[in-house]
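For reference, the structure discussed in these notes is given below.
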Amino acid sequence: MTRASRDSDKSPPEHNLSSSRLKSDGPEMRIIVPLQGVVQGRGGLVLGSLLPCALFYFLQLYLKSRNRPSQSRPSSPPPLSTPNDHISSPSSPSSASGSSIHRTLSRGLLSPRVHPSVSSRAAAIARPDEDSSYYVGLKRCREDAYHRVDNPEGILQLGLAENWLSQDLVLDWLEKKAHGALLGGERPDELNIMGLTTYQPFDGSNSLKIAVAGFMNQVMQGSVSFDPSQIVLTCGATPAMEILSFCIADQGNAFLVPSPYYPGWDRDIKWRTGVELVPVPCRSTDNFSISTAALERTYTQAKKRGLKIRAVLIANPTNPTGHVLSRETLIDLLDFVTEKNIHLISDEVFAGSIHGDQSKFVSVAEILESEGIDKTRVHIIYGLSKDLPLAGFRVGVIHSYNDTVIAASAKLARFSSISAPTQQLLTSMLSDMQFISDYLEVNQQRLRRMHSLFVVALKQLGIECANSNAGFYCWADMSRYIKSYSEKGERQLWEKLLTVAKVNMTPGLSCHCIEPGWFRCCFTTLTEEDIPLVVERIKRVTQGPK
Amino acid sequence: MVAKDYKPCVPLSAIATSSTHGEDSPYFAGWRAYDDDPYDAINNPSGVIQMGLAENQVSFDLFEKYLEEHQEVSNLVNGVASFRENALFQDYHGLNSFRKAMTSFMEEIRGGKVKFDSNRVVLTAGATAANELLTFIIANPGDALLVPTPYYPGFDRDLRWRTGVNIIPVNCYSSNNFQITKQALEDAYAKAEKANIPVKGLLITNPSNPLGTAITRPVLKEIFNFISTKNIHLISDEIYSGSVFSSEEFTSVAEMVQERGYYDAQRVHIVYSLSKDLGLPGFRVGAIYSYNDAVVTTARRMSSFTLVSSQTQKMLSPMLSDVNFTKNYIKTNRDRLKRRYEYVVERMRECGIECLHGNAGLFCWMNLKPLLEEATMEGELKLWEMILKDLKLDISPGSSCHCTEPGWFRVCFAKMNIKTLDVALARLTSFMEKRKKT
């Protein structure tokens, strides 16, 4: 399978000029500045822009070869100083927060003495993600992506939880039905194109809410029905999670999060809300299941530190460990949050990606209906990026029984609304229940197959995986291959996997796992043919010199 | 299991329960009144006519025609590779082709006077998100942005709600046609200083909403001097730039930055969107253009919370890059808006109502002072209520835009067809006639 080349739509490689800091009064400027002035005076905008640019470019090359700092020219818009980075990757080390390229006037050597600051929130975000191997790995993989023909020595991507196994099914549907669905007007509830262009309800159209509620019901095999009026739609599960966090916690509050957990939460939840995440460690001896005792302990410790806990945040199915939570666990969690009078957030984005035999997904919604617990503290996050391969379309869901949360989220959704034509298209697709049913069935079969092949392959390498029955990944125990049983040892193994084996896996430390040596390996971006290659690559590390 | 008599009252955040969403004003109440009783030529001819929503449908036919002639635009996918790029693609850089298409369109609007670098574009789901994002980036909770009055009522919500940032108004007056003056800027800044509130930026809307005027060059120069001296950011919301009646009358801050050789440009940021000029608010396409690298990087990451659907990007990319289409669209749109504006102003003048001399936008800034019982905010609100209840017209009172002088109203004319506009104007003019007789 040819890995999708994203090069055509990737941002262009960083220009040489822009990777360096400018000095406002270096010797180079004294040559170039008057030159530009002269050229612009006579040659007009084109010459005035091109000639200095060209001269500058050559000057840059010369200077670079002499390994000196260099500058750039202001006659065309100043190029960026940081390499463009992917959604999951950090910025380059050359980007420092709060600073920017100095520009000089052609009529003088003035430069601003002071620069406006960015906020502390921005400064924190702009910093390179040196600490998060999750993002670093994704970035390095992007920069040197494996391609069977063009880059066979490239890095194999096992760090991205995307499902490429069943895209053909969705593609087929789109090819047949997208055009009609988009321009619409065939069904009474479909808008024509004018209806799409105008302002829509910010929290999503009613038709799409109904379709999404129906889809969630289908995904969870009819075990629970969702009320569309308790749903707020957003452009992705990422904003859904953030908006919900804004609604249930204030700045400085905290959520308890059983770990290991999805690395993205550290960014998505903490950034702008100012809410802390407090990990509740789970252990391999319990197969990483959540225990009330651990919750209690962590809660008490947090309280002692003066932290106000507002919610417990779980993923079900779990990420990165990949298992469905049992009814008992869910009931225990509900008891815990009820007793503490806090919220429970259940991120159920992988609900439709169950591959275990005999495994059935139980949503927290199902428990609520049967157990008669106060529902107003329970909220579900969902989205179409996992169970359907539609991450680019941006669809996220907040489902809450709390009317105030729904009302506030619906208002906040104005910052994160789904594009109307996308809503129209998806309403059509999700309402095609036969298609969805077929898709879910075939997709599950393919997931199951890939999962078992992959687990077997890893076993042959002596790598055992935790029992998992859901998600796109295996939670692999690579501890026997780390030199020292520590975070440092794990980091070293991760580095080796990236540089020697050229395989990107997500190390447990970026998921806040307290036991070193665990790695999340996604198998859904591979084909069966790729598996032997993955094995060969990993062997470079597991069987190579230590 | 939990005891049945346990009384839960699980607390929510201050943001969820506060009223900083700023939606208590008549601006929004008018919308609700419209929603409850919307005008329809056939089914509800006595319903409320919506003139409180700045939406542009005057040039929709051009967009429709484009779609008809380019069927492939709505044919979203061609092949697995393309699908993977499209449907899976969630890179916060956005599609390269789309960013280039946006800059091409923005350059076209500015008559080719400005060059934009598509690498400096950060896509957001609408200008609402773009303004909030920039506020998060340049200011901390408790800081302030200066915003000239009258301003778009949505700013009270968009700039303040989650960010915790304050708005300090820069007061403008009818005596000089509500232009921003150096004195007004200094006064506002001094006020903030006195209250110990750090000012982090100035946010201007150019062309202005609700005034419907483009900011002149001399005023822009003052603004640039002011932000440099005070070392603050400048956000220029230029979402109506394609709705200036004549391109010569619009000066983008980008032009100023370029003319100054990009000196001190790192404090300048532009907000744009396709909601007004192209009349596509439902598509949720906004953009930040910043000359500040740290802001671009941060905005890009923060845009994870507000990405534009890849399908939408793919759909619009060819259209926005099609220079023949965009040239024609921009020109036609400008002409039609200008004619509508002049039509409305003339009809109003005939019955003794004056509007601010405008040259942009989807609305008139109408002076209804003569109709006020008393020249106060209360008097204005009374008039607004009467116009809504009796004339069934939703127009926006100046007080909801923080206008310093009572009696001004923003009247939008671009969301309706000409027949409906005539009905609306007839209601106003007949009311004026009745008043003259009494």
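FYI, it's all coordinate maths here, none of it is from the lab. Everything numeric here is computed off the predicted structure, so don't read it as measured data. Cβ coordinates were reconstructed from backbone atoms using ideal geometry, including for glycine residues, and neighbour counts include every protein chain displayed.
A few points about this structure:
- Residues whose amide H lies under 5 Å from that of A:Phe523, counting only those 5 or more places away or on a different chain, are A:Tyr473, A:Cys474; hydrogens are built 1.01 Å from N in the peptide plane.
- Compared with the direct C-alpha span, the chain from A:Lys539 to A:Asp403 gains 43.5 nm at full extension, assuming 0.36 nm per residue.
- Three principal axis extents of the stretch B:191-327 based on alpha-carbon atoms, in descending order, are 49, 36, 31 Å.
- Cα-centred dipole magnitude for the stretch A:235-333, charges only on beta-carbon of K, R (+1) and D, E (-1), debye, nearest 20: 300 debye
- Once the Cβ-Cβ distance of A:Ser223 and A:Tyr199 is raised to the sixth power relative to R0 = 41 Å, the FRET efficiency obtained is 0.70.
- Extension reserve of the A:Asp168-A:Thr300 stretch, reckoned as 0.36 nm per residue once the Cα distance is removed: 42.5 nm
- Each of A:Thr499 and B:Asp187 was given a label point 7 Å from its Cα along the Cα-to-Cβ line. The distance between the two points is 6.4 nm.
- Cβ-Cβ FRET estimate between A:Glu371 and A:Glu529, R0 fixed at 60 Å, reported to 0.05: 0.80
- Treating each Cα of chain B as an identical point scatterer and summing with the Debye formula, the log10 of I(q)/I(0) at q = 0.14 Å⁻¹ comes to -1.37.
- Near B:Gly361, the amide H atoms lying under 5 Å from its own belong to B:Ser243, B:Val244, B:Phe245; only residues 5 or more places off or on other chains count, and H is placed 1.01 Å from N.
- Relative to the Cα centre, the charge distribution of the stretch A:458-546, modelled as +1 at Lys and Arg Cβ and -1 at Asp and Glu Cβ, gives a dipole magnitude of about 400 debye.
- FRET efficiency estimate (nearest 0.05) - Cβ-Cβ, B:Ser46 to A:Arg148, R0 60 angstrom: 0.30
- Charge context of B:Ile49, other residues only, Cβ under 12 angstrom, K/R +1, D/E -1: 0
- Whole-Å distance, taken between Cα centres, linking the stretch A:481-546 and the stretch B:360-401: 67 Å
- Dipole-positive endmost among A:Leu307, A:Ser289, A:Asn341 within the stretch A:282-363 (Cβ charges, Cα centre): A:Leu307
- In the calculated pair-distance distribution of the stretch B:238-318, the portion above 19 angstrom amounts to 50 percent of the Cα-Cα pairs.
- Looking at chain B alone, DSSP beta bridges between its own residues are antiparallel in about 50 percent of cases.
- Based on alpha carbons, the Rg and Dmax found for the stretch A:245-354 are 13.2, 39 Å.
- Helical contribution to [θ] at 222 nm, DSSP H n ≥ 4, -39,500 (n - 2.57), averaged over chain B, rounded to 500: -12500 deg cm²/dmol
- If you wrap the stretch A:392-545 in the convex hull of its Cα atoms and look at it from every side, the mean projected area works out to 12.7 nm².
- Environment charge of A:Phe226, counting only residues whose C-beta is closer than 12 Å and scoring Lys/Arg +1, Asp/Glu -1: -3
- A crude spin-label estimate for the pair B:Asn225 and B:Phe60, with each label 7 Å from Cα along the Cβ direction, gives 4.6 nm.
- Taking N as the residue count of the stretch A:349-422, its C-alpha radius of gyration divided by 2.2 N^0.38 Å amounts to 1.31.
- Distance between modelled label sites at A:Ser291 and A:Arg491, nm, 7 Å Cα→Cβ extension: 2.9 nm
- Cβ charges +1 (Lys, Arg) and -1 (Asp, Glu), total dipole of chain B, debye: 320 debye
- Principal axis dimensions, the stretch B:143-255 - Cα atoms, whole angstrom, descending: 42, 28, 28
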